Each structure stands twice: as structure tokens, then as C-alpha cells.
Amino acid sequence: MADPSRVRIGGPLAPFAHGFGEELLRQGYRPNAAANQLQLMAHLSRWLGAKSLDAQALIPPTITAFLADRRAAGYRLWLSPKALAPLLAYLCALGAASPPPA
């Protein structure tokens, strides 16, 4: 999927999806790369929703659990905390998520 606007995001991160997509493009992400980041966001949002969590729950243990579940589900890409760095930076800048501990 090369068009970021076609990625549908539900769950607790949905309100941030449009802005995140725009920010990725503003930073120079190519449309395909931005769409990939939004697909990762969609998966994380579904996972958070299934666990009744929101963006404030995005702390290291939660991120580790999500990535472990992602691996267990057979995903082969975007399996490290580095993959979530753009999203977490965006959410932290908005005050929607807590910054990681120093």
C-alpha cells in the first residue's frame, strides 16, 4: 500500500492517525514508508484497544509486550522499539504519551 491516506486506524490511537501521517510526509517520508508506519500504528492501536489501554500506556514494558505479540503472530517486519520511534516521538510531542525514561 503506497497511499498513507488509505490506511484505516481504529482504537485508541485513531485520533492521532491523520496528524501522524502528515508529520511523516512533512519529515520527508516517501508515501510507501509513511503507509508502513501507519500500518504499524494501526496494529498497535488494535492491540492497545484489545487490552483496554490507551496512548499513556506506551511505556517500555507495554512496548516490549506488543512487539513480542507481534513476533508471535508471525510478523517479520518492524519488530524492534526502533520501528515505533517515529510514532512514540510524535505522541510524546503532543503530550499523548509519556516520554521514555532517560
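Things worth noting here:
- Residues in the stretch 77-88 that are in contact with a Pro (Cβ under 9 Å, 6 or more places away or on another chain) and surrounded by 14 or more Cβ atoms within 10 Å (Cβ to Cβ): LEU88 alone.
- Selection within the stretch 12-38 - open to solvent by 60 Å² or more (accessible area, probe 1.4 Å) and under 13 Å from PRO86 (Cα atoms): GLU22, LEU25, ARG26, GLN27, TYR29
- Scope the stretch 44-60; condition assigned to a helix (DSSP H, G or I) and under 12 Å from the mean Cα position of the chain (by Cα); matching residues: LEU44, SER45, ARG46, TRP47, LEU48, ALA55
- Within the stretch 48-65, being more than 14 Å from ALA83 (Cβ to Cβ), touching a residue at least 24 places away in the same chain (Cβ under 8 Å) and open to solvent by less than 30 Å² (accessible area, probe 1.4 Å) holds for LEU48, ALA55.
Rundown of residues vs (1) over 13 Å from the mean Cα position of the chain (by Cα); (2) on the phi > 0 side of the Ramachandran plot; (3) part of a loop (DSSP other than H, G, I, E, B), yes/no style:
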position	(1), (2), (3)
GLY28	yes, yes, yes
ALA35	no, no, no
ALA42	no, no, no
TRP78	no, yes, yes
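- Any chance ALA68 is open to solvent by less than 90 Å² (accessible area, probe 1.4 Å) and closer than 23 Å to GLU22 by Cβ: no
The values are calculated or read from the model by the stated rules, or taken from the named source; none is laboratory data. Keep in mind that this is a model prediction, so the values were computed, not measured. Cβ atoms come from the backbone with ideal geometry, glycine included; neighbour counts cover every protein chain shown. For accessibility, only protein heavy atoms count, side chains too; no ligands or nucleic acids. Shrake-Rupley method; radii C 1.70, N 1.55, O 1.52, S 1.80 Å.
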